[in-house]
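Chemist: Sharing a structure with you now.
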Amino acid sequence: MKKYLKNLLIVALFLISAGGVLMHFGIHNPATKAYGYVPLISGIISAILLPILFYFRKTIHLAYILNGFTAIIGTITMAHFALVARPIWPDIAILLGKFLLGYVIFNLEIRSNLEAPVSFPGWRTIRYPNMGFWCVHLILLSIVYYLGNLLWR
């Protein structure tokens with residue numbers, strides 16, 4: 001059953017990522033805007049490479065890291081776009097759903113028991129592979145992005 005659930009989650013990750021690629025291709029067409037290559041390449045990596053990496057146990061850590069950081073960078077840049085251009089908050093929610101799918105696939109494969117973690121085990125909450133790790137990186141990368149946008153206009 002565990003293998004079956006993992007395969008279904010990987011298919012769901014592929015479908016969400018493929019939908020994101022098609023959506024971004026319509027919004028940021030690389031033929032008209034040069035910066036459109038960034039979401040296109042990131043989306044292709046998410047749609048094709050990540051499901052393959054998540055499938056194999058040897059590469060699941062790499063898939064988890066790539067999935068997490070593409071979701072964080074996408075969330076930060078789309079939030080900036082939503083604040084200055086037009087509201088795309090539902091797109092960010094879809095991206096966070098993609099991140100959570102990767103998180104579930106990773107935990108399903110790596111954790112030996114699927115019991116709830118201890119409520120506050122100390123510094124381990126911000127260490128890899130826990131959710132606190134991603135929260136810290138989201139905050140820090142948001143600060144770096146904000147400072148970069150503020151200082152290098």
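Chemist: Any chance you could count how many residues in region 102-147 are more than 17 Å from R57 (Cα to Cα), among the small types (G, A, S) and modelled with pLDDT under 95?
Modeler: Of the residues in region 102-147, 4 are more than 17 Å from R57 (Cα to Cα), among the small types (G, A, S) and modelled with pLDDT under 95.
Chemist: If you don't mind, another one. Select from region 32-85 the residues that are touching a Ser or Thr at 6+ places or on another chain (Cβ under 6 Å) and under 27 Å from N7 (Cβ atoms) and list them in ascending order. Steps first, answer last, please.
Modeler: Within region 32-85, the subset touching a Ser or Thr at 6+ places or on another chain (Cβ under 6 Å) is 42, 46-47, 53, 70, 76.
Residues satisfying the conditions are S42, S46, A47, L53, T70.
Chemist: Going through I60, I41 one at a time, which residue ends up being of a type outside the set (S, T, Y), in contact with an Asp or Glu (Cβ under 9 Å, 6 or more places away or on another chain) and in a helix (DSSP H, G or I)? Write out each step before concluding.
Modeler: On the way: I41 fails: in contact with an Asp or Glu (Cβ under 9 Å, 6 or more places away or on another chain).
Selected residue: I60, the only one of I60, I41 that is of a type outside the set (S, T, Y), in contact with an Asp or Glu (Cβ under 9 Å, 6 or more places away or on another chain) and in a helix (DSSP H, G or I).
Chemist: When you scan region 1-28, how many residues do you find that are surrounded by fewer than 13 Cβ atoms within 10 Å (Cβ to Cβ) and in contact with a Leu (Cβ under 9 Å, 6 or more places away or on another chain)?
Modeler: 2
Chemist: Further, regarding this structure: Would you confirm, using the coordinates I've provided, whether G97 is touching a residue at least 24 places away in the same chain (Cβ under 8 Å), surrounded by fewer than 16 Cβ atoms within 10 Å (Cβ to Cβ) and not in a loop (DSSP other than H, G, I, E, B)?
Modeler: Numbers: touching a residue at least 24 places away in the same chain (Cβ under 8 Å): yes; surrounded by fewer than 16 Cβ atoms within 10 Å (Cβ to Cβ): yes; not in a loop (DSSP other than H, G, I, E, B): yes.
When the stated conditions are applied, G97 passes them.
Chemist: Based on this model, can you work out whether Y146 counts as in contact (Cβ under 8 Å) with a residue 24 or more places away in the chain and not hydrophobic (A, V, I, L, M, F, W, C)? Before you say what the answer is, go through the steps one by one.
Modeler: Details: in contact (Cβ under 8 Å) with a residue 24 or more places away in the chain: no; not hydrophobic (A, V, I, L, M, F, W, C): yes.
Taking the combined requirement at face value, the residue does not satisfy it.
Chemist: So, in region 61-94, exactly how many residues are more than 16 Å from W134 (Cβ to Cβ) and either basic (K, R) or in contact (Cβ under 8 Å) with a residue 24 or more places away in the chain (or both)?
Modeler: Total satisfying the criteria: 5.
Chemist: With the structure loaded, tell me whether L5 is under 11 Å from the mean Cα position of the chain (by Cα) and more than 19 Å from Y145 (Cβ to Cβ) or whether it fails that test.
Modeler: Criteria not met by L5.
The values are calculated or read from the model by the stated rules, or taken from the named source; none is laboratory data. Small disclaimer: the values here were computed from a predicted structure and weren't measured. In this analysis, Cβ positions are derived from the backbone assuming ideal geometry, glycine residues included, and neighbour counts consider all displayed protein chains.
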